[in-house]
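A.B. asks: Got a structure for you, written out below as structure tokens; questions coming shortly.
The values are calculated or read from the model by the stated rules, or taken from the named source; none is laboratory data. This structure is a prediction, so every number in the text was calculated from the model and none was measured. Heads up, the Cβs are rebuilt from the backbone with ideal geometry, glycines too, and the neighbour counts pull from every protein chain shown.
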Amino acid sequence: MQETGEFESMVTKDASEAFKITTSASQVCAKRVNGPKGLNLQLACTFKNEPAYQASFLTQASHHLCQNRGSIGGKGLYSKPNKGAKKLADCEAWVRKNKNCSTHFNYGWLNGFCDCVPKKPKSYCHLYTDDGTMKSEYSAYEIYTTTTTPPPPTPKPTPRPTPQPMKGLKSGMGWTVSRGKCTIDISTGVPCAVSSNFPKPYSDEESCKVKMTKTKAVKPERFETEKYFDNVKIGDVKLNGKLEKTSTMNLEKGVDTIEWSSDFYLGATGWKICKTKYNQPDLPKEDETLILGQAIFPTTACRSSVRLHAAS
């Protein structure tokens, strides 16, 4: 039985013409993509981890000889002196160093003979096999070396920025606690002043002062203190007790502080007062009297605005 074929030379400018190259952090792999069809071709790779990621490997046509090898029997420019069987690595190294050899050679696993194809333009291996070749376990090899770029290192995940606190602040969005244990809450998008420990009960004998900027109106969102004795003062308005329904408080010109104090006895859940939009009040109709809480404003006063004063 005889079989012949061509084992193409892989001396190319672009490795992709002959092999599909894949890389990882630790190795470079190659797969033959344009070998002759119908031949017993295998890929036998020997990888070397080198700084430039140079991968040296062999393609193998097992049980084949190169019919056009230059010389045989360990004699001549193209045949390595026989040093014994099972020394493929020695044969490969000899072929690489021999300037007379192309990239194709034969090696006999049982007898140790190493012969190469002469180096010529467009040299290739004329594959040949018969019963003797297969019995002697000859194989044809092709050397190919490529230098590839190692894959970029896996980028470290970008750490998520630490979220900025929204509650328990001493200042935020133009409001500042200038004294005491009150805090600023900006979690709703507007500044709010809250009593200490809110919504848990505040402490006895505590006080604080909050400075407001660019604020024309405020609104108590929640409010419960000891009636008469624990007070929030905003301008001339004093708030205490429990407010079931709260309204917008338009601030008089120059009013820019919230002051809080509690006495030595009893307490409640505290308060939360937030910045809000100025509420333009409707003017009372002629000959009508507007009653807000316990304050009475006759129409003859011709007031152009109304401020909420909470009854204690």
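A.B. asks: In the stretch 170-208, how many residues are of a type outside the set (Phe, Trp, Tyr) and assigned to a strand (DSSP E or B)?
C.D. replies: Of the residues in the stretch 170-208, 15 are of a type outside the set (Phe, Trp, Tyr) and assigned to a strand (DSSP E or B).
A.B. asks: Of everything in the stretch 166-206 that's of a type in the set (S, T, N, Q) and in contact with a Phe, Trp or Tyr (Cβ under 6 Å, 6 or more places away or on another chain), which residue is farthest from Trp260 (Cα to Cα)?
C.D. replies: First pass over the stretch 166-206, keeping only residues of a type in the set (S, T, N, Q): 171, 176, 178, 183, 187-188, 195-197, 203.
Now restrict to residues that are in contact with a Phe, Trp or Tyr (Cβ under 6 Å, 6 or more places away or on another chain): 195-196.
Numbers: Ser195: 8, Ser196: 11 Å.
So the residue we want is Ser196.
A.B. asks: For the stretch 170-199, name all the residues that are of a type in the set (Asp, Glu) and without any contact (Cβ under 8 Å) to a residue 12 or more places away in the chain.
C.D. replies: The answer is none; no residue qualifies.
A.B. asks: Here's something else I'd like to know. Only one of these is crowded, with 16+ Cβ neighbours inside 10 Å, touching a residue at least 12 places away in the same chain (Cβ under 8 Å) and not assigned by TED's automatic domain parsing to the domain that holds Ser102: Tyr202, Tyr138, Tyr228. Name it. Give the derivation first.
C.D. replies: Numbers: Tyr138 fails: not assigned by TED's automatic domain parsing to the domain that holds Ser102; Tyr228 fails: crowded, with 16+ Cβ neighbours inside 10 Å.
None of the others qualify; the one that does is Tyr202.
A.B. asks: Which one of the conditions (1) free of Cβ contacts under 8 Å to residues at least 60 places away in the same chain; (2) in a loop (DSSP other than H, G, I, E, B); (3) in contact with a Cys (Cβ under 8 Å, 6 or more places away or on another chain) does Lys167 fail to meet, given that it meets all the rest?
C.D. replies: Against the list (1) free of Cβ contacts under 8 Å to residues at least 60 places away in the same chain; (2) in a loop (DSSP other than H, G, I, E, B); (3) in contact with a Cys (Cβ under 8 Å, 6 or more places away or on another chain), Lys167 comes up short only on (3).
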